[in-house]
Amino acid sequence: MAMSIGAAMKRTSATAWHYIRVTKPRESSLLVFIGFCAMVVAGDGLPETGRLLLTLAAITLGSGGVNGLTNYLDATLTPACAEQTAGPSPPRLSIRPRKHSCSAWP
């Protein structure tokens, strides 16, 4: 049965939203704000516009990528290592990673 265009768009936007949530946009925006404040304080005022935009883009992409990687590793390695740890498991992700053993990195 063919999916309607509206249903396909809704499914695509839901999938995109899952990937955006993995990057933790609230935490990333806080890191961008802290980076901006540090640039202003360290430079005794606002830096050049190009340097400011490049630095804020690098902080945004870096923090989003690290958050995504952390979520992936937590979801991948924690269930495989559950017998070896006594701590609580992280919340389950809506994006399912591949299964790996605890001793081997992906």
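If you scan segment 26-46, which residues turn out to be more than 20 Å from Ala16 (Cα to Cα), in a helix (DSSP H, G or I) and either in contact (Cβ under 8 Å) with a residue 40 or more places away in the chain or of a type in the set (A, V, I, L, M, F, W, C) (or both)? Scanning segment 26-46 gives Leu30, Leu31, Val32, Phe33, Ile34, Phe36, Cys37, Ala38, Met39, Val40, Val41, Ala42.
Report the residue count in segment 35-46 for those that are surrounded by 12 or more Cβ atoms within 10 Å (Cβ to Cβ) and at pLDDT 90 or above. The qualifying residues number 5. With respect to Leu46, determine if the residue is touching a helix residue (DSSP H, G or I) at 6+ places or on another chain (Cβ under 8 Å) and farther than 12 Å from Gly64 by Cβ. Yes, satisfied. Scanning segment 47-93 for residues that are at pLDDT 60 or above and either hydrophobic (A, V, I, L, M, F, W, C) or assigned to a loop (DSSP other than H, G, I, E, B) (or both) yields a count of 17. Among the residues of segment 14-25, the one identified as among the charged types (D, E, K, R) and assigned to a loop (DSSP other than H, G, I, E, B) is Lys24.
The values are calculated or read from the model by the stated rules, or taken from the named source; none is laboratory data. No experiment lies behind these values; they were computed from the predicted model shown. Glycine also receives a Cβ, built like all others from the backbone with ideal geometry; neighbour counts cover every protein chain displayed.
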